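What follows is a short report on a single structure.
The values are calculated or read from the model by the stated rules, or taken from the named source; none is laboratory data. All values derive from a computational prediction rather than experimental measurement. In this analysis, Cβ positions are derived from the backbone assuming ideal geometry, glycine residues included, and neighbour counts consider all displayed protein chains.
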Amino acid sequence: MKYTNKSKGVLVCFLLVLCAVVTVACGKDNQKKAGSSNDDAGGSKGLITVGYVQSGTGSAWSLANVESIQQNCTEENGINLIYECAEDDFDNQLSIVRSFIEQKVDLISFTPIVSEGWDDVLKAAKDAGIPVIIMDRMVETDDDTLFECWIGSNFLLEGYKAADWLIDYMKSLNSKKDSYNVALLQGAIGSSAEIGRTQGVEEMLNTAGNFKFVYKESGNFNRDGGIENMQKIIDKKLDIDILIAENDDMALGAIEVMEKNGIKPGKDIVIVSFDGIHDAFEAMINGKINCVMECNPLTGKLLASAVQTVMNGDPVSKKNYVLEELFPADTAADYIDNRKY
Ligand code: GYE
């Protein structure tokens, strides 16, 4: 069918680009210690002082991400990590980055809460001679000399893959309906994770033609957001066939509300979500989520390695995508025991 071929073509192109990028990813596993640490920031042991600010910790994914960064950016690996969390407040995040500049850390890293609005602070870091590594979400800037590299997920591809699975799955149900009502729970608006997933899902389902978005709101990537939005969907008496949640926490919140209202998640409403946290795998095994598109938070080792590469002055590829898989519910039991988050 026309839409399927077109959509799959886009998907294949992205997969090829992804493979190419991953093969050159993220420098070497460099064990050399860079001796140029900055004493003002407390790096007196010859360690590289890295100021890292996480966006927030409202999702199980972010907690796993923080843990991975803290476990890998260690003194043993030559790094003195100054960890901060911006609690999902963009102004707060900007001022934390500025304070890293004032402290004269050796390198700054952060997960941008939103993608726009970073140029000034990145210019200030550049003027101060402090290299920047961006993690997970991406910044929107015309000047990519403002940061050394980025390590994260291909959110657009995640959206395509999830929607591609959904199109095939809905076909396999052989329902008599000729159109499906979709509710989309977006992540934090303006974050590249939200922008990419929303675009991927919308593009592909709109091209398919038999999916209608009847509800589209942000649930801010957290459980309460899932609860509140599902309650609104019920209050508005929207008859939805499909819920797409841009992370598992929102899906799990929505599931709670469905169950309280006698709706069977995964059956009365098909549910697709993103991340792949342990609770989502359990929900898949219990038939409550139909498919999860993984987003890999275990990027701490890549960050530690990239820090060394950058501080050694070695070349590093600009964009480094992590590998991630799609898990339809019937595969969950095979993988749950090996999930690391
Ligand atoms: O999907 C979500 C988190 O930026 C990829 O942020 C990340 C997203 C992740 O809070 O759970």
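Tabulated data for the structure shown
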{"read-out": "Where a residue in the stretch 54-80 is under 25 Å from residue 248 (Cα atoms) and its partner, wherever it lies, is part of a strand (DSSP E or B) and of a type in the set (Ser, Thr, Tyr), with Cβ under 7 Å and at least six apart", "value": "69/52; 70/83"}
{"read-out": "Set 113, 101, 108, 82: member being surrounded by 21 or more Cβ atoms within 10 Å (Cβ to Cβ) and either part of a helix (DSSP H, G or I) or more than 16 Å from the ligand (Cβ to nearest atom) (or both)", "value": "108"}
{"read-out": "Any hit, the stretch 209-230, residues being β-branched (Val, Ile, Thr) and over 21 Å from residue 255 (Cβ atoms)", "value": "no"}
{"read-out": "Failed criterion for residue 293 (all others in (1) away from the ligand (no atom under 16 Å from the Cβ); (2) in a strand (DSSP E or B); (3) farther than 20 Å from residue 212 by Cα hold)", "value": "(1)"}
{"read-out": "Test: residue in the stretch 198-210 that is among the β-branched types (Val, Ile, Thr), more than 16 Å from the ligand (Cβ to nearest atom) and under 17 Å from residue 292 (Cα atoms)", "value": "no"}
{"read-out": "Every residue from the stretch 263-290 that is closer than 13 Å to residue 329 by Cβ and within 16 Å of the ligand (Cβ to nearest atom)", "value": "271, 272, 273, 276, 280, 281, 283, 289"}
{"read-out": "Hits in the stretch 300-341 - residues which are farther than 20 Å from residue 273 by Cβ and of a type in the set (S, T, N, Q)", "value": "305, 308, 309, 312, 317, 320"}
{"read-out": "Any hit, the stretch 225-239, residues being within 13 Å of the ligand (Cβ to nearest atom), at pLDDT 95 or above and farther than 18 Å from residue 202 by Cα", "value": "yes"}
{"read-out": "Identity of the residue in the stretch 179-190, within 26 Å of the chain's Cα centre (by Cα) and assigned to a loop (DSSP other than H, G, I, E, B), that ends up surrounded by the fewest Cβ atoms within 10 Å (Cβ to Cβ)", "value": "189"}
{"read-out": "Residue list for the stretch 296-310, restricted to those being surrounded by fewer than 24 Cβ atoms within 10 Å (Cβ to Cβ) and in a loop (DSSP other than H, G, I, E, B)", "value": "296, 298, 299"}
{"read-out": "Matching option when the condition is in contact with a Ser or Thr (Cβ under 9 Å, 6 or more places away or on another chain) and of a type in the set (Gly, Ala, Ser), among 109, 68, 99", "value": "68"}
{"read-out": "Pairs, first within 21 Å of residue 64 (Cα to Cα) and at pLDDT 95 or above in the stretch 317-341, second of a type in the set (Ser, Thr, Tyr) and surrounded by 13 or more Cβ atoms within 10 Å (Cβ to Cβ), C-beta under 8 Å, six or more apart", "value": "321/153; 322/153; 322/299; 324/153; 327/335"}
{"read-out": "Output for the stretch 222-262, where each listed residue is touching a residue at least 24 places away in the same chain (Cβ under 8 Å), surrounded by fewer than 19 Cβ atoms within 10 Å (Cβ to Cβ) and assigned to a loop (DSSP other than H, G, I, E, B)", "value": "238, 239, 261"}
{"read-out": "Residues (charged (D, E, K, R) and either more than 20 Å from the chain's Cα centre (by Cα) or surrounded by 19 or more Cβ atoms within 10 Å (Cβ to Cβ) (or both)) located in the stretch 85-98", "value": "88, 91, 98"}
{"read-out": "One residue from 212, 176 being among the basic types (Lys, Arg) and part of a strand (DSSP E or B)", "value": "212"}
{"read-out": "Some residue of the stretch 67-77 being within 16 Å of the ligand (Cβ to nearest atom) and on the phi > 0 side of the Ramachandran plot", "value": "no"}
